[in-house]
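Enquirer: Have a look at the structure that comes next, please.
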Amino acid sequence: FMFVVIYGRPGCSFWIHAHKLAERLESAKGIEGYRYVDMWAENISKEELAKTIGQPVHTVPQVLIDQTPIGGFTEFDRYVRDHALLA
């Protein structure tokens, strides 16, 4: 099973979509679990996040699956569909 980490900011509509998708995946046993990292509360800038994940960060949220950067919500949603993680 996979573990998802979502870096984002509270109130961001794309974060809300990513969070809901992660909840659905966890309920459907498509992932082992997920963790949300509040970039404001943790005082993490896009530049610092880029260093952490090893690639440029232009938008948030940024989603990692098993520590591999997937991209934002759109890429996360596509990954879920491409891998048929939800029935």
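The values are calculated or read from the model by the stated rules, or taken from the named source; none is laboratory data. Bear in mind that the values here come from a model prediction, so they are computed numbers and not experimental data. With ideal geometry, Cβ positions are generated from the backbone for all residues, glycine too; neighbour counts draw on all protein chains shown. Heads up: the accessible areas ignore ligands, DNA and RNA and are worked out on the full protein's heavy atoms, side chains in. Shrake-Rupley method; radii C 1.70, N 1.55, O 1.52, S 1.80 Å.
Enquirer: Filtering region 6-21 down to residues that are in contact (Cβ under 8 Å) with a residue 12 or more places away in the chain and more than 16 Å from ARG78 (Cα to Cα), which residue is nearest to the chain's Cα centre (by Cα)?
Expert: TYR7
Enquirer: Based on what the data block shows, is THR52 part of a loop (DSSP other than H, G, I, E, B), of a type in the set (S, T, N, Q) and surrounded by 13 or more Cβ atoms within 10 Å (Cβ to Cβ)?
Expert: Numbers: part of a loop (DSSP other than H, G, I, E, B): no; of a type in the set (S, T, N, Q): yes; surrounded by 13 or more Cβ atoms within 10 Å (Cβ to Cβ): yes.
Spelling it out, it is not the case that THR52 is part of a loop (DSSP other than H, G, I, E, B), of a type in the set (S, T, N, Q) and surrounded by 13 or more Cβ atoms within 10 Å (Cβ to Cβ).
Enquirer: Hey, another quick one. Just give me the residues in region 55-87 being over 20 Å from PRO10 (Cα atoms) and open to solvent by 90 Å² or more (accessible area, probe 1.4 Å), in sequence order.
Expert: PRO56, GLN67, ARG78, ARG81, ASP82, HIS83, ALA87
Enquirer: Within region 22-40, can you find the residues that are in a helix (DSSP H, G or I), in contact (Cβ under 8 Å) with a residue 24 or more places away in the chain and out of contact with any strand residue (DSSP E or B) (no Cβ under 9 Å at 6 or more places or on another chain)?
Expert: Passing the criteria: only ARG24.
Table: residues versus (1) modelled with pLDDT under 95; (2) among the small types (Gly, Ala, Ser).
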{"position": "VAL37", "(1), (2)": "no, no"}
{"position": "GLU42", "(1), (2)": "no, no"}
{"position": "LEU49", "(1), (2)": "no, no"}
{"position": "THR59", "(1), (2)": "yes, no"}
{"position": "GLN62", "(1), (2)": "no, no"}
{"position": "PRO69", "(1), (2)": "no, no"}
{"position": "GLY72", "(1), (2)": "no, yes"}
{"position": "TYR79", "(1), (2)": "no, no"}
